[in-house]
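So the structure is just underneath, and the comments pick up after that.
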Amino acid sequence: MLPVIDPKASRDPRSGLSGLDRRALEAWLADRGAPGFRARQLHDALWRGPAASATEVTTLPSPLAAALDDAFRWSTVTEEALVLADGGQTEKALHRLSDGSTIESVLMHYPARAGRRARHTLCISSQAGCAVGCPFCATGELGFGRDLETAEILDQVRGALTRLRAREDGARLTNVVFMGMGEPLLNLDRVLEAVEALNDPGRLGLGARHITVSTSGVVPGIRRLTALGPQFTLAVSLHAARDALRDVLVPLNRRWPVAEVVEAARAHAAATGRRISYEYTMIGGVNDTDVDAEALATLLRGDLAHVNLIPMNPVAHTPWTASAMPVIERFAARLEGAGIPVTIRRNRGQEIGAACGQLAAERAGEPAAPAVARRRERLVAQSSRALRGQRSEDPVPAGVDS
Ligand code: SAH
Ligand code: SF4
């Protein structure tokens, strides 16, 4: 496992200001004799203003601003690097947190076309690293670092807003997707707080339909979301419809098998009336055969669902590459034939490693060559056993079933 956290780095004990909702801010202000309207003013300054500290908000009395800067961090993430790809249409930011952890966010610009308005979609992280350990994912290889604080999730969004404001074309953030580093449903309390802030008209004010949370299949988390009612679009990373193969590709399948995941997702769709978006990363010769397409069609037939096929982004240290486009198209046609809506997602920012986690993995340093070779051999052996239908006897990843 590669180190995500620099143990020498200090962690600032102050919490992030953006992690406080209006009630919490009002309570803090009331304790200091400040009127409640200051909370709205602060939210405005955080989400719409150029200030980089409370002291820079000219409408705040200076003793109050100083007290705020003493108690809270104005932003909990720094932009350590910004890498552009696709002619500037994809911007990948590497953020450093106060304890030295690194996380990533990716801002993707989609120009207006054929009656559709331009979109500006931000992909954010919910954890530093990830415990699930999907072997085709750079974040999975990093291992788990820690959960992000609510403010650390939100400050990735504020960073993107600052960059959007600097553009001359009036671009606005239209979508936020939790598809960066980490498993959002294993940090669900903070993710829900962050979503509430994104929804709140006094903060970002983004409609629930414009927010997507993607999970690798944490069944208790999906059930909790179903009980809460629709807050956002739920995306489920499937990658295989057969348990033996999914045990290898999404190791938490050893805890919550695919049928249970789809059952929970189906109940979510039924309760909320919102269709589930299933993600399926296409890996050449591994999960892209006719048998896989049939298994997937059987699993989802008649469901309120949509399948997104994603050609695997090249990541280091795996024996695999993306399926060829004709293979993906054939797979898509089989699903369509079974009445399942399907789209093929164009990869963004391949040259900068837009599969989240890659930039952070590169910064974490290259593991020793023999370790990489052993990992590749292990994955080849595991996937060929799986393709013969053998279930994995490996344990459920640590930290998944809390
Ligand atoms: N942990 C959550 C959300 C983050 S990953 C989840 O797994 O759903 C977001 C999506 O990117 C997931 O569907 C994930 O499987 C996919 N992904 C990860 N690495 C990839 C790669 N190398 N190529 C294509 N998709 C990848
Ligand atoms: Fe974690 Fe998602 Fe990557 Fe799997 S694909 S390791 S769940 S971030």
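The values are calculated or read from the model by the stated rules, or taken from the named source; none is laboratory data. Just so it is clear, the structure is predicted and the values come from calculations on it, not from any experiment. A quick note on method: Cβ atoms are made from the backbone with ideal geometry, for glycine too, and the neighbour counts reach across all protein chains shown. The protein model used for the area step is the full one, side chains on, heavy atoms only, and it has no ligands, DNA or RNA in it. Shrake-Rupley method; radii C 1.70, N 1.55, O 1.52, S 1.80 Å.
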Which of the listed residues, L161, S216, T139, is farthest toward the dipole's positive end in the stretch 133-221, when Lys, Arg count +1 and Asp, Glu count -1 at the beta-carbon? L161
Can you give the angle from 0 to 90° between the axis of helix 258-272 and the longest principal axis of the chain, with both taken from C-alpha atoms, to the nearest 10? 50 degrees
Say each of Q390 and D31 gets a label point 7 Å from the Cα, pointing the same way as Cα to Cβ; how far apart are those two points in nm? 5.8 nm
Where the accessible area of the chain is counted over protein heavy atoms with a 1.4 Å probe, how much of it, in %, is carbon and sulfur? 52 percent
Can you tell me the orientation of helix 290-300 relative to the chain, as the angle in degrees between its alpha-carbon axis and the longest Cα principal axis, to the nearest 10? 50 degrees
CD proxy, 222 nm, the chain: helix-only mean residue ellipticity via -39,500 (n - 2.57) per DSSP H run with n ≥ 4, per residue, nearest 500, stands at -11500 deg cm²/dmol
Normalising by the residue count of the chain, find the relative contact order in percent from Cα pairs under 8 Å and 6+ residues apart. 16 percent
Does anyone have the angle between helix 150-166 and the longest principal axis of the chain? Alpha-carbon axes, 0 to 90°, nearest 10? 80 degrees
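By per-residue mean of other Cβ atoms within 10 Å, what is the highest-first order of 116-124, 55-63? Could the numbers behind the result be given before it?
Values: 116-124: 18.6, 55-63: 13.6.
By packing density, highest mean first, the sequence is 116-124, 55-63.
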Please give the per residue accessible area of the stretch 154-261, computed with a probe of 1.4 Å over protein heavy atoms only, in Å². 34 Å²
